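**Q** I have a structure here, written as C-alpha cells, and I will follow up with some questions on it.
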Amino acid sequence: MPVKSHSALPPASAPALACSSDIKLSTIGARAWLVEAPGGFDLPAQRRIWSLARLLHADEAIEALIPGVTNLLVLFRHIPADENAVRMQLHAAWDQAQAISPQGKLIEIPVHYGGEHATDLEAVCRHTGLSPRDVVRLHHQSEYTVFALGSAPGFGYLHGLDPLLATPRKKVPSLSMLKGTVTIGGAQAGVSALTGPNGWNAIGFAELAVFDPLAASPALMAPGDRIRFLPQRIEL
C-alpha cells in the first residue's frame, strides 16, 4: 500500500470564512482552504474526510490534498478568483462524500509496558483513577485506526483509545522522549517517531522504527491502517 506523508493541521490559526452545520471552511494563506468535519474526533467523520479527498482528487485546479485529523487541506494551483465559488464547490463535494473505509493493513506492535520509558504511567493513573495494570489492559485490548500522519515524519494519530484512558497532554513536555515510545495524548494514542521534545504521556516502549527515510515506504503507518499493541513485557 503506498504511503503518503500527511500533516494534521490545527485550524486554530486560520481565519474562519464560512461555518455551517455541515463543515467549517477556513483559509490558510491565499491558495489553501481547510475543510473541518462537524462533530468530534470520531471515525465516521474521518471516513468522510477520506471520501472528500477522493472526490476532489480529479480536479485539475487542485495541486494537493492533505488529510488531517477530521480535516482536509485543499491547496489550489492558483489563487481562486471567486471565493464564493470555492465555498460552493467544497460544500457540494462534502454533500456528495460518503464515508469510506480504506482497506488498510494490520500492524501489530509489541510493547514493553511500564519500566524506565513509561515516565508518565503514574500521571495517567492519577488522572484516570485506574491502576497501572488496568491502564495497560485497556490500552492493548483496543484496535486503533490511523487517522492521519503529521507532527513528525511517520507519526500516526491513532483513534480507538478507550475513553477511560483519555489523559490531557502535558503542560511541560519531556525534552528527550525516545522514538518508539508508546503514548497517550488526550483521546488519541501514538508511537513517537523521533527522539526529542514530546508532550504526550509515555506508558511504554516499542522497539521499532515508524519512519525510515531509506525504506521504499518510509512511513510504517498510513491513513486507514489498523494498529494492535501486543504486550511483550509488563513491568509495573
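**Q** Once neighbouring chains are kept in place and the probe is 1.4 Å, which whole percent of the accessible area of the chain is contributed by carbon and sulfur? Walk me through the numbers on the way to the answer.
**A** Details: 6290 of 11610 Å².
Carbon and sulfur: 54 percent of the exposed surface of the chain.
**Q** Right, another one. Contact order normalised by length for the chain, with contacts defined as Cα pairs under 8 Å and 6 or more residues apart; what percent is it?
**A** Details: 532 pairs, mean separation 52.7, N = 236.
Result for the chain is 22 percent.
**Q** Positive end of the dipole of the range 45-109, charges at C-beta (+1 Lys, Arg; -1 Asp, Glu), about the Cα centre: which of Gln89, Gly68, Ala99 has its Cα farthest in that direction?
**A** Of the candidates, Ala99 comes out farthest on the positive side.
**Q** Starting from 0.36 nm per residue, how many nanometres of slack lie between Thr195 and Asp22 once their C-alpha separation is accounted for?
**A** 58.4 nm
**Q** Taking every pair of alpha-carbon atoms in the chain, what share in percent sits in each 10 Å bin, from 0 to the bin with the longest distance?
**A** 8, 31, 32, 20, 8, 1, 0
**Q** Over the range 67-181, what number does the Rg to Rh ratio reach, with both radii from the alpha-carbon atoms and Rh per Kirkwood? Spell out each step's value before the answer.
**A** On the way: Rg = 19.5 Å, Rh = 17.9 Å.
Ratio value, two decimals: 1.09.
**Q** Using the Cβ atoms and a cut-off under 15 Å, what net charge is assigned to the surroundings of Leu106, where Lys and Arg are +1 and Asp and Glu are -1? Can you show the working numbers first?
**A** Values: positive: Lys105, Arg226, Arg228; negative: Glu108, Glu143, Asp225.
Combined, the nearby Lys, Arg, Asp and Glu give 0.
**Q** Report, to the nearest 10°, how far helix 83-96 tilts away from the longest principal axis of the Cα atoms in the chain, using its own Cα long axis and a range of 0 to 90°.
**A** Roughly 60 degrees between the two axes.
**Q** Let me ask another. Whole number in Å², please: accessible area per residue of the range 34-109, 1.4 Å probe, ligands, DNA and RNA not counted. It would help to have the intermediate numbers written out before the result.
**A** Values: 3940 Å² over 76 residues.
Heavy-atom SASA per residue in the range 34-109 reads 52 Å².
**Q** Further question: With everything on Cα atoms, drop me the angle between helix 43-56 and the longest principal axis of the chain, reported from 0 to 90° to the nearest 10.
**A** 40 degrees
**Q** Given only helices, namely DSSP H runs of n ≥ 4 each adding -39500 (n - 2.57), what is the per-residue ellipticity at 222 nm of the chain, to the nearest 500 deg cm²/dmol?
**A** Numbers: 4 runs with 46 residues, N = 236.
Here the helix-only value at 222 nm equals -6000 deg cm²/dmol.
**Q** Taking 0.36 nm per residue of separation and subtracting the Cα-Cα distance, what length does fully extending Met88 through Glu207 add? Could you put the intermediate results ahead of the total?
**A** Numbers: separation 119, 0.36 × 119 = 42.84 nm, distance 4.76 nm.
Separation in residues times 0.36 nm, less the Cα-Cα distance, equals 38.1 nm.
**Q** Same structure again: Would you mind classifying the range 140-236 by shape? Square roots of the alpha carbon gyration tensor eigenvalues, ordered a ≥ b ≥ c; an a/c under 1.5 is rounded, otherwise it is prolate if a/b is larger than b/c and oblate if not. List each step's numbers first, then the result.
**A** Details: a/c = 1.38, a/b = 1.17, b/c = 1.18.
Rounded, because the longest to shortest axis ratio a/c is under 1.5.
**Q** When ranked by the protection proxy of mean other Cβ atoms within 10 Å per residue, highest first, what sequence do the peptides 107-117, 205-215, 141-151 form? Let's see the in-between values first.
**A** Numbers: 107-117: 17.8, 205-215: 15.4, 141-151: 21.0.
Descending mean neighbour count gives 141-151, 107-117, 205-215.
**Q** On to the next question. Among rounded, prolate and oblate, which fits the range 134-176 when a ≥ b ≥ c are the square roots of the eigenvalues of its C-alpha gyration tensor, a/c under 1.5 means rounded, and a/b larger than b/c means prolate?
**A** Working: a/c = 2.26, a/b = 1.20, b/c = 1.88.
Since a/c reaches 1.5 but b/c is at least a/b, the shape of the range 134-176 is classed as oblate.
**Q** Moving on to the next point. Can you tell me the 0 to 90 degree angle between the C-alpha axis of helix 132-141 and the longest principal axis of the chain, rounded to 10?
**A** 50 degrees
The values are calculated or read from the model by the stated rules, or taken from the named source; none is laboratory data. Computed from a predicted model, the values in this text were never measured in an experiment. Using ideal geometry, Cβ is built from the backbone for each residue, glycine included, and neighbour counts are taken over all protein chains shown. The protein model used for the area step is the full one, side chains on, heavy atoms only, and it has no ligands, DNA or RNA in it. Shrake-Rupley method; radii C 1.70, N 1.55, O 1.52, S 1.80 Å.
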